1. What single numbered condition from (1) facing another protein chain (nearest Cβ under 7 Å); (2) of a type in the set (S, T, N, Q); (3) part of a loop (DSSP other than H, G, I, E, B) fails to hold for B:Asn95?
2. Looking at B:Thr17, B:Thr100, can you tell me which residue is more than 12 Å from the chain's Cα centre (by Cα) and part of a loop (DSSP other than H, G, I, E, B)?
3. What are the residues in region A:163-182 that are in contact (Cβ under 8 Å) with a residue 40 or more places away in the chain and within 18 Å of A:Val207 (Cβ to Cβ), if any?
4. Pairs needed: first member in region A:37-53, in contact (Cβ under 8 Å) with a residue 12 or more places away in the chain; second member anywhere, surrounded by 11 or more Cβ atoms within 10 Å (Cβ to Cβ) and of a type in the set (Asp, Glu); C-beta distance under 8 Å; at least 6 residues apart or different chains.
5. Determine the pairs where a residue that is more than 7 Å from chain A (Cβ to nearest Cβ), located within region B:16-45, has a partner that is among the hydroxyl-bearing types (Ser, Thr, Tyr) with Cβ atoms under 6 Å apart, the partner being 6 or more residues away or on another chain.
6. Give me a count of the residues in region B:30-56 that are modelled with pLDDT of 95 or more and not in a loop (DSSP other than H, G, I, E, B).
Amino acid sequence: MGNGHDHTHGAHAPIEHEETPGYYEILEISIRELLIEKGLIKPDEVRKQIEVLDSRSPALGQKLVVRAWTDPEFRKRLLANGNMAAGEMGITIYDDTAFTVLEDTPEAHHMIVCTLCSCYPRAVLGLPPDWYKSKQYRSRAVKEPRAVLAEFGTIIPDHVKVIINDSTASQRYMVLPLRPEGTANYTEDQLEKLVTRDTMIGVTLPVIE
Amino acid sequence: MSTESLVKHLPNDIGGTGCSDDKIEITERQLYPWEKRCHALLDVLDFHKIVNTEEKRRGTENLGSEMAAKLSYYEKWIVSASNCLLQKGLITPDNIAMKTKEVAARYNITL
């Protein structure tokens, strides 16, 4: 470490890390610099887009869930048209994908997957975890969902249907979990804490600590 | 053994193929900085319609089963982006060869 290489190449130096890059990182740096040199992208666009990526997190989805839990009319609008309802809360489903919220009921629990790649409601949850993109999850979720749920510590009673929803390039999903019993007097902050990313993917259920 | 399944399913079309021995590695990690830059780069390319998301996806689907299995998620993205740009004539193989050599040299690596 610290082999004294010279960062004389200006504006992009601070967003590179100090460890020795592998082939793919070298390729990424090279492609980006070539695109800038050819005038196809501007020098600061990647950095700005990283800020946009960082601004998206499960906190957005949490707000949708908590509002649906506390406002029955909003819940209806959210279930009818996820894109428009998200827009009401200032969340843009930026890539024109259809965004559908799946309502858990006492009879049915929903789970989401993308068997082909990694389609995920990034606009409301941020970037997906590695396991969501993994071969194991993608191949097994549609085939043995209860076994997959068990690996997350989630047991759905036999009388409750488990519905797997396969996301696509044009259709994204988010789960609206059931509001846990005993939360009638919870504040919005307290309710938000119950709604983790994994409950909105449907691999776990909200639990009161 | 029938090869029909290969015809009907691209390497990434794996829904329903796994078994309970394929345990899910439930871990959390931050993206490496280069991975985040890679994601952001593809977003920028899509915004400008230089390489759109569908083209990038097709590029990852076209890598073949060996690369699909051996490359990580974002490694596939950057290879796909590179291939798309080459196919469109927006960059050349020489561009890549020379630039990667130059970048590697900054880290005292010889490619």
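1. Failing condition for B:Asn95: (3).
2. B:Thr17
3. A:Val175, A:Leu176, A:Pro177, A:Leu178, A:Arg179
4. Sorted first by the residue in region A:37-53, then by its partner, the pairs are A:Leu53/B:Asp43.
5. Hits for this filter: B:Glu35/B:Tyr74.
6. 17
Each row is one residue, and each column tells you yes or no for (1) away from chain B (no Cβ under 11 Å); (2) within 30 Å of B:Cys84 (Cα to Cα); (3) surrounded by fewer than 13 Cβ atoms within 10 Å (Cβ to Cβ); (4) not small (Gly, Ala, Ser).
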residue: A:Met84; (1), (2), (3), (4): yes, no, yes, yes
residue: A:Thr97; (1), (2), (3), (4): no, yes, no, yes
residue: A:His109; (1), (2), (3), (4): yes, no, no, yes
residue: A:Pro121; (1), (2), (3), (4): yes, yes, no, yes
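One line per residue, one yes/no per condition, for (1) farther than 25 Å from A:Gly22 by Cβ; (2) exposed (fewer than 13 other Cβ atoms within 10 Å of the Cβ); (3) of a type outside the set (S, T, N, Q):
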| site | (1), (2), (3) |
| --- | --- |
| B:Leu10 | yes, no, yes |
| B:Cys19 | yes, yes, yes |
| B:Lys23 | yes, yes, yes |
| B:Leu41 | no, no, yes |
| B:Asn62 | no, no, no |
| B:Leu71 | no, no, yes |
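The values are calculated or read from the model by the stated rules, or taken from the named source; none is laboratory data. Keep in mind that what you see is a predicted model, and the values were worked out from it rather than measured. FYI the Cβ positions are ideal-geometry reconstructions off the backbone, even for glycines, and counts take in every protein chain you see.
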